[in-house]
1. When a footprinting reagent is the concern and you count Cβ atoms within 10 Å, what order do THR139, THR240 take, fewest first?
2. What percent antiparallel are the DSSP beta bridges of the chain, to the nearest 5?
3. Cα-based count: Lys pairs in region 36-271 below 22 Å, eight or more positions apart or different chains?
4. Which of the helices in the chain meet the span-like rule: DSSP H, Cα axial reach of 24 Å or more, Kyte-Doolittle mean at least -0.5?
5. State whether region 58-137 is rounded, prolate or oblate according to the following rule on the C-alpha gyration tensor (a ≥ b ≥ c being the square roots of its eigenvalues): a/c under 1.5 gives rounded; otherwise a/b larger than b/c gives prolate, and the remaining case gives oblate.
6. How high is the relative contact order of region 36-271, in percent, counting Cα pairs under 8 Å that sit 6 or more residues apart?
7. Would you calculate a helix-derived [θ] at 222 nm for the chain, using -39,500 (n - 2.57) for each DSSP H run of n ≥ 4 and dividing by the full residue count, to the nearest 500?
8. If you build a Gaussian network model of the chain, linking Cα atoms that sit under 10 Å apart, which residue out of TYR137, TYR105, TYR115 swings the most?
Amino acid sequence: MGRDVVRRMGQFMIIFIIAVVFIILYVRVLEFRSLYIPYRDVSVNPSEVGLVHEEIALVAFDGPRLSAWYVPGRTAEKVIYFLHGNGGNISHRLEKIRFFHDLGYSVFILDYRGYGRSTGFPSEKGLYADARAGYDYLTTKRRFPPGALVVYGESLGAAVAVDLASKAPVGALILEGAFTSVPGMGKSVYPFIPPFLLASRYDTSAKIGHVACPVAFIHSRNDEIVPFEMAQSLYEACRTQKIFLATTGGHNEHFMIHMERLKDGLKPFLSR
């Protein structure tokens with residue numbers, strides 16, 4: 001083999017390696033920007049919708065300081081532990097906070113690391129740790145028994161909620177707009193990206209079978225972001241008591257459109 005051939009093969013390998021690294025970096029940046037869309041500005045709070053609240057500061061086990069609100073309800077029987085979706089921050093959930101408060105329950109909602117006034121940068125492992133920090137706060141500082149926690153997960157928060165409930169006892173789960181996994185979403189949104197290039201998993205499909213508490217699924221039949229079939233798949237994989245509340249409308253609008261019907265559907269579920 002001549003020197004020119006060896007040199008050309010070496011050049012080709014260098015170009016190939018650079019191309020592979022570039023593709024991996026591109027996919028990771030795209031993945032991060034798709035999964036996490038945090039807003040830092042928290043310009044409103046529950047008082048804007050007539051609710052008394054407490055500003056809470058937590059520290060996750062690995063260091064980030066987390067900002068949270070506690071909104072006391074009419075009964076201390078249960079607390080809604082609100083794990084929000086991938087966009088905005090807690091200040092963009094005032095109507096949903098009011099929704100659960102109107103049902104009579106206290107509401108605890110926190111911003112993940114990198115969201116709102118919370119420090120750090122979001123990641124799958126980090127969001128799981130943040131959810132656990134909130135759980136520990138409610139069960140130790142607030143002295144709620146685990147069975148009094150109703151964990152409400154919204155979209156990405158549904159994946160975080162299922163992870164928490166698969167590892168720690170809770171009273172019930174409410175999953176809105178839940179997806180099966182990041183690779184599953186990747187096939188739906190970016191079919192040209194091989195799943196093995198994705199760093200995150202959020203594998204709700206693998207964890208839902210380990211959840212022991214009752215689960216309520218809420219999903220729009222014409223959700224334009226998370227396919228309705230994903231919620232159906234999770235519902236079928238769930239092995240405990242469960243209900244399915246199907247709605248219509250966009251991923252971010254359907255809950256507001258069907259608030260009264262969802263109240264009617266969740267009241268008996270929460271009163272069990």
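1. So the residues, fewest neighbours to most, are THR240, THR139.
2. Looking only at bridges with both residues in the chain, the antiparallel portion is about 25 percent.
3. Close lysine pairs under the 22 Å cut-off: 18.
4. 3-35
5. prolate
6. Numbers: 485 pairs, mean separation 35.8, N = 236.
Relative contact order, region 36-271: 15 percent.
7. -12000 deg cm²/dmol
8. TYR137
The numbers here are math on the coordinates, done by the rules we state, and not lab data. Computed from a predicted structure; not experimentally measured. Neighbour counts run over all protein chains shown; Cβ positions are idealised from the backbone, glycine included.
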